[in-house]
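Take a look at the structure below.
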Amino acid sequence: MIDLMTSAPTWTIAQVADEFGVTHRTVRHYEDLGLISPERRGTQRVYHRRDRTRLGLILRGKRLGFPLEEIRTIIDLFDAPRGRRTQLEYVLGQIDERRADLDQRLRDIQDAIAELGEFERRCREDLDKLA
């Protein structure tokens with residue numbers, strides 16, 4: 001759609017949800033949390049480019065494992081006085097923390113797999129002794 005007042009493109013909730021592969025309920029949830037704020041025309045939601053950009057950032061943050069409150073902080077920093085620089089500095093710090101968390105989880109999983117392998121080996125040895 002095109003906003004007749006500004007000639008800027010706009011989208012419906014169905015179009016936005018389809019584009020990003022999420023449900024209408026998900027889009028409304030992010031709106032309820034104040035992460036996106038589409039224009040309201042009666043009962044219809046009208047999404048502008050800013051809403052689509054924010055939704056894309058929200059979904060990327062979720063895929064990377066960031067909690068919604070961190071995603072909110074990152075997105076809101078874009079509107080801060082120092083804008084993009086502040087946002088990028090903050091995001092880099094969050095990336096470091098997220099990477100450290102994922103590295104620890106990977107080590108934990110590798111340890112668990114090794115422990116399972118050892119347990120399996122012992123069980124097979126015990127089973128062979130019973131045969």
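The values are calculated or read from the model by the stated rules, or taken from the named source; none is laboratory data. Only a predicted model underlies this, so the values are computations on that prediction, with no experimental measurement involved. Methodologically, a virtual Cβ is constructed for each residue, glycine included, from the backbone with ideal geometry; neighbour enumeration extends over all protein chains shown. For the accessible areas, the whole protein counts, side chains as well, though only heavy atoms, and no ligand, DNA or RNA atoms are used. Shrake-Rupley method; radii C 1.70, N 1.55, O 1.52, S 1.80 Å.
Structure notes:
- Residues that are among the acidic types (D, E) and either surrounded by 19 or more Cβ atoms within 10 Å (Cβ to Cβ) or out of contact with any strand residue (DSSP E or B) (no Cβ under 9 Å at 6 or more places or on another chain) (or both) within the stretch 29-68 comprise D32, D51, listed in sequence order.
- The set of residues in the stretch 14-40 being in a loop (DSSP other than H, G, I, E, B) and closer than 20 Å to R63 by Cβ consists of G21, V22, T23, L33, L35, I36.
- The stretch 85-109 - residue that is among the polar types (S, T, N, Q) and at pLDDT below 95 and, of those, nearest to G61 (Cα to Cα): Q94
- Conditions (1) without any contact (Cβ under 8 Å) to a residue 24 or more places away in the chain; (2) open to solvent by 30 Å² or more (accessible area, probe 1.4 Å); (3) among the hydrophobic types (A, V, I, L, M, F, W, C); number of the one not met by A8: (1)
- Within the stretch 69-84, restricting attention to residues that are at pLDDT 85 or above and more than 17 Å from T53 (Cβ to Cβ), the residue that is least open to solvent (accessible area, probe 1.4 Å) is E70.
- Subset of the stretch 14-28 (residues that are surrounded by 14 or more Cβ atoms within 10 Å (Cβ to Cβ) and without any contact (Cβ under 8 Å) to a residue 12 or more places away in the chain): A17, H24, T26
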